[in-house]
Amino acid sequence: MDTRFLGIADLVETPSVAVVVDVMRAFTVAAWAFAQGAEKIVLAESLDEALALKARHPDWAAIKDGPPAPGFDAVNSPGLLRSVDLGGRTVVQKTTAGTVGALAVREAQLVLCASFVVAEATARHLQARGSDGVTFVVTGEDGQADEDLACAEYIARRVTGAGTDAADYLRRAARSRAADELTQGVRQGVHPDDVALCLELDRFPFAMVAALEDSLMVLRPCAVPSPAEDPSA
């Protein structure tokens, strides 16, 4: 499988298959939202769009980076979101990097949003797809965020080699600038457990697929077969 690892600004053409990685914290939060019962997640272009969608759909839940703000129901923190009941609701999410990366590849044939908590499911989805080429969009720090790059590289290795050890990749993420900023309280809207939750490998059994639906980029969970259920395994 031919793999490329690009920052958002490096996307000069639309890839056929894109895996958009944001470990700390957009797509860890998205996975937790689905675990808490969310039906789908609408990835918003801006805070204003998120608020406008919320205004049109008062039953939707809106999530943003940073501290709590009027009009938003939650912040982009897995530690805080894990106690929120989202049963059957639509979530609107706007973050600094993750949602921007997904929207940048909205025209791709397949868009997966990923983090360590859904790494194995993401790799199995790519295996089932059988794509020759995959572009991993490293969303943080202009494509240099080591937690995102480590996760992207790990998923790429998992697609082609079942015996890949995650330990070194997780250590890189734990030592990343984002992990340090979350731990030191540099970022707002943070729970003390956020870094640990972002480093939980394969916490959830689903991949997350984003696609255009009526002009909105919508993220949904996608079940993948376990190795025992996969006849090719």
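Here are the numbers for the structure shown:
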quantity	calculated
Number of positions in the range 169-194 that are over 18 Å from Gln144 (Cβ atoms) and not hydrophobic (A, V, I, L, M, F, W, C)	9
Given (1) over 15 Å from the mean Cα position of the chain (by Cα); (2) surrounded by fewer than 22 Cβ atoms within 10 Å (Cβ to Cβ); (3) of a type outside the set (S, T, N, Q); (4) modelled with pLDDT of 95 or more, number of the condition Glu200 does not satisfy	(1)
Qualifying residue in the range 3-15 (condition: touching a Phe, Trp or Tyr at 6+ places or on another chain (Cβ under 6 Å) and crowded, with 17+ Cβ neighbours inside 10 Å)	yes
Failed item in (1) surrounded by 23 or more Cβ atoms within 10 Å (Cβ to Cβ); (2) over 21 Å from Val111 (Cα atoms), with Ala145 passing the rest	(2)
Residue check for Thr122: of a type in the set (S, T, N, Q) and in contact with a Cys (Cβ under 9 Å, 6 or more places away or on another chain)	yes
Members of the range 52-100 that are part of a helix (DSSP H, G or I), more than 20 Å from Thr183 (Cα to Cα) and either among the aromatic types (Phe, Trp, Tyr) or over 14 Å from the mean Cα position of the chain (by Cα) (or both)	Ala52, Leu53, Lys54, Ala55, Arg56
Residue check, Pro221 exposed (fewer than 14 other Cβ atoms within 10 Å of the Cβ) and either in contact (Cβ under 8 Å) with a residue 60 or more places away in the chain or within 17 Å of Val20 (Cβ to Cβ) (or both)	no
Test: residue in the range 101-117 that is at pLDDT 95 or above, within 14 Å of the chain's Cα centre (by Cα) and over 27 Å from Val12 (Cβ atoms)	yes
Which listed residue is buried (at least 18 other Cβ atoms within 10 Å of the Cβ), closer than 18 Å to Asp193 by Cα and free of Cβ contacts under 8 Å to residues at least 24 places away in the same chain, from Ala74, Ala30	Ala74
Flag for Arg177 being under 22 Å from Ala223 (Cβ atoms) and of a type in the set (Lys, Arg)	no
Hits in the range 151-166 (condition: touching a helix residue (DSSP H, G or I) at 6+ places or on another chain (Cβ under 7 Å) and free of Cβ contacts under 8 Å to residues at least 40 places away in the same chain)	Tyr154, Arg158, Thr164
Of all residues making up the range 83-126, the number that are acidic (Asp, Glu) and either touching a residue at least 60 places away in the same chain (Cβ under 8 Å) or under 19 Å from Met24 (Cβ atoms) (or both)	2
Filter result (among the hydroxyl-bearing types (Ser, Thr, Tyr) and not in a strand (DSSP E or B)) within the range 116-149	Thr122, Ser131, Thr139
Residue pairs meeting the criteria (Cβ under 7 Å; at least 6 apart or on separate chains; first without any contact (Cβ under 8 Å) to a residue 60 or more places away in the chain, in the range 43-54; second hydroxyl-bearing (Ser, Thr, Tyr))	Ala44/Thr99
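The values are calculated or read from the model by the stated rules, or taken from the named source; none is laboratory data. Every value quoted in this text rests on a predicted model; they were computed, and no experiment measured them. Neighbour counts are summed over all protein chains in view; Cβ atoms, including those assigned to glycine, are modelled from backbone coordinates with ideal geometry.
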